[in-house]
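Right, one structure below, let's go through it.
Just so it is clear, none of the values below were taken in a lab; they were calculated from the coordinates. Source: prediction; values computed, not measured. We place every Cβ from the backbone using ideal geometry, glycine too, and count neighbours over all the protein chains shown.
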Amino acid sequence: AGTINAKIGDFYSSYMDTAAIDAAGLKPLAPYMAQLAAVKNKKDLVLLMGKWVSFVDEPLNLGVGPDAKDPTIYSAGSFQGGLGLGDRDYYLKSDARFAKARDAYLVYLRTILALDGDKNAVMHARAIMALEMKMAKVQWSQEANRDPVKTYNPMTLKQLSAKAPSLDWKAYLEAGDLPNPAFVSISQPDYTWALTKLIKNEPIDVWKAYLRVRLLDATARSLPAGFRDAAYQFHDVAITGVKQDKPRWQRGVATLNSAMGEAIGQVY
């Protein structure tokens, strides 16, 4: 417990040291940006998606948990994601508040891309939004996702490969730390098959720009001030209507609890 407490203290202190974070710039992301730069084809792209799935919200996320039909065992599953606005309604509905959110998202995309040194931030922001719009059109609604029967679709690797052969399922699952699962329950089958076609057909440069944004968004709160402020202005002010940012210590506690809550609970 003493060692764990020390590590928690180190993490918390690092999270609170915004001066050091600002001074480091984007150096902490250099290994990940190198992985992204090394992507030359769709096979590389799928492998990188698998590698990043544990910490980046992606179009097809993976997880392991109690099986929906047999809670005495753990099983692998996939679920839709990867929309910067969170839900398909933000992309598909014409209400004023959704239109305003889309405008705010485009500003956010341009801002974080420009902060990352992208000289074509405006063009890439529009391309990312267009890609996410295509994803949103085939994603399931919140109501459909509440159906425990329709979202339970166990499939073996052989079945997945036969259903959507354009995606190397074996390589993707292995990259996502799921080698040789007995099966994977595909929560939204028709969306998943449509997504594999998007991965195949959409330009690789657009996919790389998209993954770059997903990485920057996932880490924005731990990046220099410009990213932190952009994330606050979009996620908190524009989307949820927050009037004042949380004290950083509260975000630090929440981040620790999210990452380590269950593990620490078992120790104590």
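If R0 equals 30 Å, the separation of the Cβ atoms of residue 245 and residue 87 corresponds to a calculated FRET efficiency of about 0.80. Per the Debye calculation on the chain with a single equal scatterer at every Cα and no solvent contribution, log₁₀ I(q)/I(0) for q = 0.07, 0.09 Å⁻¹ amounts to -0.28, -0.46. Taking amide hydrogens as placed 1.01 Å from N in the peptide plane, the amide H of residue 75 sits under 5 Å from those of 65, 67, each at least 5 positions away in sequence or on another chain. Kindly provide the helix-only [θ] at 222 nm of the chain, computed as the sum of -39,500 (n - 2.57) over DSSP H runs of four or more divided by all residues, to the nearest 500 deg cm²/dmol? Result for the chain, helices only: -18000 deg cm²/dmol. Once the chain from residue 255 to residue 183 is taken as fully extended at 0.36 nm per residue, the excess over their C-alpha distance is 22.8 nm. With contacts taken as Cα pairs under 8 Å at a separation of at least 6 residues, the chain carries a relative contact order of 27 percent. Evaluating 6.51 cos²θ - 1.76 cosθ + 1.60 at θ = phi - 60° for every residue in the range 122-137, the Karplus couplings come out as 5, 5, 5, 4, 5, 5, 5, 4, 5, 5, 5, 4, 5, 5, 4, 5 Hz, glycine and proline recorded as x. Okay, which of the range 56-98 sit inside 16 Å, backbone N to the point 7 Å along the Cα-Cβ direction of residue 163? Output list for this probe position: 60-63, 68-69, 76-81.
Couplings for the range 178-189, taken from phi via the Karplus curve 6.51 cos²θ - 1.76 cosθ + 1.60 with θ = phi - 60°, read 10, x, 6, x, 4, 6, 10, 7, 8, 5, 10, x Hz in order; Gly and Pro are left as x. Computed about the Cα centre, the dipole magnitude for the chain is approximately 580 debye when only Lys and Arg (+1) and Asp and Glu (-1) carry charge, each at its Cβ. Counting only aspartates and glutamates at least 8 places from residue 170 when in the same chain, those with an alpha carbon closer than 14 Å to its own are 44. A simple charge model with +1 on the Cβ of Lys and Arg, -1 on the Cβ of Asp and Glu and nothing else charged puts the dipole of the range 123-197 at about 240 debye relative to its Cα centre. Summing charges over all other residues whose Cβ lies under 12 Å from the Cβ of residue 53, with Lys and Arg as +1 and Asp and Glu as -1, gives -2.
The modelled label-to-label distance between residue 40 and residue 142, using points 7 Å beyond Cα along the C-beta direction, is 4.5 nm. Backbone phi angles across the range 53-64, fed through the Karplus curve with coefficients 6.51, -1.76 and 1.60 (θ = phi - 60°), yield HN-Hα couplings of 5, 7, 9, 10, 6, 10, x, 10, 8, 10, x, 10 Hz in residue order; Gly and Pro are listed as x. This model, with +1 at the C-beta of Lys and Arg and -1 at the C-beta of Asp and Glu, gives the range 109-166 a dipole about its Cα centre of some 200 debye. The label-point distance for residue 190 and residue 23, in a model that sets each label 7 Å from Cα toward Cβ, rounds to 5.6 nm. Beta bridges per DSSP, both residues in the range 56-195: antiparallel share near 75 percent.
Look at the dipole of the chain built from charges on Cβ: of 232, 62, 34, the Cα furthest out on the positive end belongs to 34. Length gained on full extension, residue 64 to residue 205, computed as 0.36 nm times the residue gap minus the Cα-Cα distance: 47.7 nm.
Annotation: Cα Rg of the range 91-250 relative to the compact-globule expectation 2.2 N^0.38 Å equals 1.21.
Counting only DSSP beta bridges whose two residues both lie in the chain, roughly 75 percent are antiparallel.
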